[in-house]
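Below: the structure, in structure tokens.
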Amino acid sequence: MNEAFDQLSEPEKQARLLSKALPYMQKYENRTVVVKYGGHAMGNPELGRAFARDIALLKQSGINPIVVHGGGPQIGQMLDRMSIQSRFEGGLRVTDEKTMEIVEMVLAGSINKEIVALINAEGEWAIGLCGKDGNMVFAEKAKKTMVDPDSNIEKVLDLGFVGEIVEVDRTLLDLLARSEMIPVIAPVAPGKDGHTYNINADTFAGAIAGALGAKRLLFLTDVPGVMNRDKEFQKELTAAECRAMIADGTIAGGMIPKVETCINAIDKGVEGVVILNGKTPHAVLLELFTEAGAGTLILP
């Protein structure tokens with residue numbers, strides 16, 4: 001079959017591929033797909049352009065894409081350039097007032113506008129936002145605890161202006177969907193106390209997707225998906241199976257918070273969440289418009 005396909009002319013190949021993709025395009029038509037674009041998946045300019053083309057094609061296919069982006073590595077680089085020392089508590093970066101200024105500058109500024117420009121270059125209208133715009137998201141100071149290894153006593157960590165989402169208002173996002181614009185959102189949000197908070201981008205994307213009842217939430221990461229105990233790739237899992245794999249240690253280390261974020265998003269109303277490798281060219285299209293997909297799909 002591959003030989004026969006190779007012998008087709010380019011227009012015939014394109015027609016064949018489109019005919020296979022069409023049922024999947026119809027499945028997502030007029031539905032919301034939230035894509036979390038991670039800091040580590042952003043490093044390659046060619047992959048960045050491919051990602052922008054994917055997002056533009058989703059819009060052209062009648063889908064409502066929303067991009068939420070991170071930027072941890074870029075924030076770290078800027079802090080180094082500004083000679084601002086980072087302090088960590090329980091493995092988490094403490095965000096003081098000076099650090100928060102850099103975080104907002106990088107996330108809502110340079111990174112956000114770079115992604116907007118890439119999508120606009122593909123012929124679509126992208127608009128850069130953060131949680132502050134239109135009172136879209138409100139946050140409060142994150143409450144994190146850890147057990148002191150010496151005393152075995154649980155203590156509360158003060159992470160400064162690291163926040164947790166307490167409220168999402170979808171009014172602005174609904175308005176943008178009707179106006180054919182593609183929101184590109186930085187995970188920065190105000191608190192009712194007047195402070196600005198840095199939100200984990202995965203958590204932010206999950207909250208946005210849940211508030212919109214998204215058809216899919218895609219996490220572009222640096223791993224292909226979830227593996228079982230024998231290191232075999234899992235194409236599809238239920239939330240219950242994921243919980244069991246965390247409990248028995250199959251899902252471990254840095255994959256635990258990723259999968260827990262997926263489960264939380266499903267609990268909030270997202271129909272399906274996918275963990276996939278953002279360094280695979282056109283990973284978004286491969287996941288949504290092909291039978292094989294490109295990552296691990298987690299369903300309720």
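The values are calculated or read from the model by the stated rules, or taken from the named source; none is laboratory data. In this text the structure is predicted, and so the values were computed from the model without any measurement. Glycine also receives a Cβ, built like all others from the backbone with ideal geometry; neighbour counts cover every protein chain displayed. We work out accessible area using only protein heavy atoms, side chains counted, and drop any ligands, DNA or RNA first. Shrake-Rupley method; radii C 1.70, N 1.55, O 1.52, S 1.80 Å.
Restricted to segment 93-103, and to residues there that are of a type outside the set (Ser, Thr, Tyr) and closer than 15 Å to Asn200 by Cβ, the residue that is nearest to the chain's Cα centre (by Cα) is Val103. For segment 75-117, the set of residues classified as crowded, with 19+ Cβ neighbours inside 10 Å, in contact with a Gly (Cβ under 6 Å, 6 or more places away or on another chain) and assigned to a helix (DSSP H, G or I) consists of Val106, Leu107, Ile111, Asn112, Val116, listed by residue number. Taking the criterion of being closer than 28 Å to Leu118 by Cα, open to solvent by 80 Å² or more (accessible area, probe 1.4 Å) and either among the β-branched types (Val, Ile, Thr) or within 21 Å of the chain's Cα centre (by Cα) (or both), the residues of segment 139-179 that qualify are Arg170, Thr171. Applying the selection to segment 18-51, what residues are at pLDDT 95 or above and farther than 24 Å from Glu291 by Cβ? Result: no residue meets the conditions.
Given the criteria of a type in the set (Ser, Thr, Tyr) and part of a loop (DSSP other than H, G, I, E, B), does Thr280 qualify? Break it down stepwise before answering.
Working: of a type in the set (Ser, Thr, Tyr): yes; part of a loop (DSSP other than H, G, I, E, B): yes.
Taking the combined requirement at face value, the residue satisfies it.
Of all residues in segment 239-269, those satisfying the criterion of being touching a residue at least 40 places away in the same chain (Cβ under 8 Å) and surrounded by 14 or more Cβ atoms within 10 Å (Cβ to Cβ) are Ala239, Cys242, Lys258, Thr261, Cys262, Asn264, Ala265, Lys268. Of everything listed in (1) open to solvent by less than 40 Å² (accessible area, probe 1.4 Å); (2) outside any helix (DSSP H, G or I); (3) more than 24 Å from Glu140 (Cβ to Cβ), the single unmet condition for Ile185 is (3).
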